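Scroll down for the structure; my scribbles are underneath it.
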Amino acid sequence: MATIVGAITTSHIPAIGSAIAKGAQNEPYWKPFFSAFGKVREWLADTAVVVYNDHGLQFFLDRMPTFAVGAAAEYRNADEGWGLPTLPPYRGDAELSWHLIDSLVEDEFDLTTCQEMLVDHAFAVPLQLLWPNAKVCPVATVPVVVNTVQHPLPSPARCFKFGQSLGRALDSFGGERRVVVIGTGGLSHQLDGERAGFINKDFDLMCMDKIVAEPESLARYSVPELVELAGTQGVEFLNWLVARAALTGRVSKVHSNYHIPISNTASGMMVLENRG
Ligand code: DHB
Ligand code: FE
């Protein structure tokens with residue numbers, strides 16, 4: 001069976017990708033952010049299920065699935081407009097993908113299945129952070145996309161149930177895998193409109209606290225409440241909820257970091273261990 005070793009949640013800001021491309025990790029602006037990732041690199045996993053939101057690269061406003069899962073042998077990266085270098089393709093795990101899709105659909109989550117899929121900065125940047133010395137990402141990947149972009153968005157409660165179903169699907173997989181579930185995006189940020197630059201430190205820190213042992217309490221918010229509390233793009237926290245809900249065992253916090261701001265965003269990172 002697949003062993004879910006844990007979850008890692010991290011912001012996915014494109015400026016992180018350009019800092020990596022420039023080798024700026026030790027500059028004063030970046031050091032407090034990059035130094036948080038030392039512990040994460042010791043993680044032992046051969047497969048990453050990456051829960052993120054696409055930003056107009058694979059899905060645009062004209063066709064927006066609520067939940068989509070990749071089922072390809074390979075995923076290509078492209079830049080949707082940030083000027084980031086294109087990274088080498090990512091290895092998929094079609095066998096695991098189809099098992100997850102079968103199980104989620106059986107569980108009444110009617111997904112979009114993608115046998116071809118471009119992956120943007122929200123998928124690529126976290127993997128660069130977690131495996132910084134690898135030219136090619138060393139783990140197999142399964143992209144899981146949540147619509148956090150075009151309303152109506154799935155509610156936090158729906159995302160939590162989706163994550164629980166994903167966890168059960170991983171538990172029932174017949175093959176041997178060591179899986180880390182990565183939830184990307186957040187924490188509070190708003191990129192445009194009257195509240196551009198909005199950050200809510202109290203709310204972010206409360207979420208980082210509750211997500212360890214009382215994640216259901218965070219699933220009670222409505223989408224409008226989440227927009228108000230976390231900002232229009234802070235709703236990317238839905239990806240964190242999916243990743244956390246996929247942990248089926250006893251969960252403990254191994255490491256966390258919170259740093260304001262990186263670009264326009266409150267950057268948060270957590271490492272959660274899952275014991276069977
Ligand atoms: C920024 C944050 C994001 O989540 C994103 O997708 C793009 C940009 C930012 O803070 O610049
Ligand atoms: Fe984003």
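For region 110-121, indicate whether the set of residues that are within 16 Å of ligand 2 (Cβ to nearest atom), in contact with a Cys (Cβ under 6 Å, 6 or more places away or on another chain) and either modelled with pLDDT of 95 or more or β-branched (Val, Ile, Thr) (or both) is non-empty.
No, region 110-121 contains no residue that is within 16 Å of ligand 2 (Cβ to nearest atom), in contact with a Cys (Cβ under 6 Å, 6 or more places away or on another chain) and either modelled with pLDDT of 95 or more or β-branched (Val, Ile, Thr) (or both).
Among residues belonging to region 76-100 that are touching a Phe, Trp or Tyr at 6+ places or on another chain (Cβ under 9 Å) and not charged (D, E, K, R), point out the one that is nearest to ligand 2 (Cβ to nearest atom).
Looking at residues that are touching a Phe, Trp or Tyr at 6+ places or on another chain (Cβ under 9 Å) and not charged (D, E, K, R), I get Asn77.
Within region 234-266, restricting attention to residues that are surrounded by 24 or more Cβ atoms within 10 Å (Cβ to Cβ) and polar (S, T, N, Q), which residue is farthest from Pro143 (Cα to Cα)?
Ranking the candidates gives Thr265 first.
Can you spot a residue in region 39-51 that is within 16 Å of ligand 1 (Cβ to nearest atom) and either of a type in the set (Val, Ile, Thr) or touching a residue at least 40 places away in the same chain (Cβ under 8 Å) (or both)?
There is at least one residue in region 39-51 that is within 16 Å of ligand 1 (Cβ to nearest atom) and either of a type in the set (Val, Ile, Thr) or touching a residue at least 40 places away in the same chain (Cβ under 8 Å) (or both).
Output the qualifying pairs, or none if there are none: Cβ atoms under 8 angstrom, residues six or more apart or on different chains, first residue in region 178-193 and among the hydrophobic types (A, V, I, L, M, F, W, C) and at pLDDT 95 or above, second residue part of a loop (DSSP other than H, G, I, E, B) and within 14 Å of ligand 1 (Cβ to nearest atom).
Leu187/Ser11; Leu191/Thr232; Leu191/Gln233; Leu191/Asn264
Which numbered condition trips up Trp82, out of (1) crowded, with 16+ Cβ neighbours inside 10 Å; (2) touching a Pro at 6+ places or on another chain (Cβ under 7 Å); (3) in a loop (DSSP other than H, G, I, E, B)?
Status for Trp82: all satisfied but (1).
The values are calculated or read from the model by the stated rules, or taken from the named source; none is laboratory data. Everything numeric here is computed off the predicted structure, so don't read it as measured data. With ideal geometry, Cβ positions are generated from the backbone for all residues, glycine too; neighbour counts draw on all protein chains shown.
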